[in-house]
Amino acid sequence: MRPPGVGYTETGVASWYGYPYHGRRAASGEIYDMEKYTAAHRTLPFGARVRVENLANGRHVEVRINDRGPFVEGRIIDLSRAAARAIGMLGPGTARVRLVLVALPPTTGGDWFAVQTGAFRERANAERQRRMLERRYGEARIVRRDGDPVLWRVLVGRKNSREAAEALAARLRAELGEAFVVRLDEPPGDH
């Protein structure tokens, strides 16, 4: 599977997020501002620009990817409050959308992916799952997601193609029921 290029499309459910994440550090390192046109996506690189169209009303907005998520099965993008307002989905909270990748950031190195198998409020529960999965699948680690409450995400594997990560996710889904691919944003030796 080739990495997505300009023109790549994806259709699915969007959600939006504001408080308690407003003013906190996003996965990209920048401070999240819910009044800017930004979004969270699991696998598109930070800095990618995406056109998001609400399929129910035809309204669209362009956003920049600066965070990771959504960490809810069945959703494909988490919009900032401003972006959600622009396409008329604040009230309902979710909407069926079409994403079109309109620009990619300059290349910063290779693409690396892992599989998220859980997000826990209690670090001890995340640690239990991490140990069990590390024994079976090799590399597994915990990543802190700031918020209220703080969540402890369990990530398994380190694959240099989305296709390889999808194959691992399929194996993990068969065992655990829920697992999805996420982009790793640090260089491969930085973990």
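The values are calculated or read from the model by the stated rules, or taken from the named source; none is laboratory data. It should be emphasised that the depicted structure is a prediction, and the values quoted were computed from it without experimental measurement. With ideal geometry, Cβ positions are generated from the backbone for all residues, glycine too; neighbour counts draw on all protein chains shown.
So T38 fits all but one of (1) polar (S, T, N, Q); (2) more than 26 Å from R173 (Cβ to Cβ); (3) in the same structural domain as L155 (by TED's automatic domain parsing); what number is the exception?
(3)
Any idea which of R130, R144 is modelled with pLDDT under 90, basic (K, R) and either in the same structural domain as R25 (by TED's automatic domain parsing) or touching a strand residue (DSSP E or B) at 6+ places or on another chain (Cβ under 9 Å) (or both)? Can you show your working first?
Details: R130 fails: modelled with pLDDT under 90.
It is R144.
Filter the stretch 7-30 for residues that are touching a Gly at 6+ places or on another chain (Cβ under 9 Å) and of a type in the set (F, W, Y) and give the result. Let's see the steps before the verdict.
Here is the first cut: in the stretch 7-30, the residues touching a Gly at 6+ places or on another chain (Cβ under 9 Å) are 12-13, 15-17, 20-21, 24, 27-28.
Within the stretch 7-30, W16, Y17, Y21 qualify.
Filter the stretch 78-122 down to residues that are modelled with pLDDT of 95 or more and among the basic types (K, R) and give me whichever is surrounded by the most Cβ atoms within 10 Å (Cβ to Cβ).
R81
Within the stretch 43-60, can you find the residues that are aliphatic (A, V, I, L, M), more than 17 Å from Y32 (Cβ to Cβ) and in a loop (DSSP other than H, G, I, E, B)?
Taking the stretch 43-60 and keeping what is aliphatic (A, V, I, L, M), we get 44, 48, 50, 52, 55-56.
Add one more test, that the residue is more than 17 Å from Y32 (Cβ to Cβ), and what stays is 52, 55-56.
Within the stretch 43-60, L55, A56 qualify.
Within the group Y17, Y8, Y32, Y37, which residue is surrounded by 15 or more Cβ atoms within 10 Å (Cβ to Cβ), over 25 Å from P149 (Cα atoms) and touching a strand residue (DSSP E or B) at 6+ places or on another chain (Cβ under 8 Å)?
From the options Y17, Y8, Y32, Y37, the qualifying one is Y8.
Go through the stretch 176-187 and give me each residue that's over 17 Å from the mean Cα position of the chain (by Cα) and either without any contact (Cβ under 8 Å) to a residue 24 or more places away in the chain or assigned to a loop (DSSP other than H, G, I, E, B) (or both).
Within the stretch 176-187, G177, P187 meet the criteria.
Taking R158 as the residue in question, decide whether it is part of a strand (DSSP E or B) and among the basic types (K, R).
Against the criterion (part of a strand (DSSP E or B) and among the basic types (K, R)), R158 qualifies.
Listed here are the residues, each with its yes/no results for (1) among the acidic types (D, E); (2) touching a residue at least 60 places away in the same chain (Cβ under 8 Å).
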{"residue": "Y8", "(1), (2)": "no, yes"}
{"residue": "V13", "(1), (2)": "no, yes"}
{"residue": "A27", "(1), (2)": "no, yes"}
{"residue": "D33", "(1), (2)": "yes, no"}
{"residue": "K36", "(1), (2)": "no, no"}
{"residue": "F46", "(1), (2)": "no, yes"}
{"residue": "V72", "(1), (2)": "no, no"}
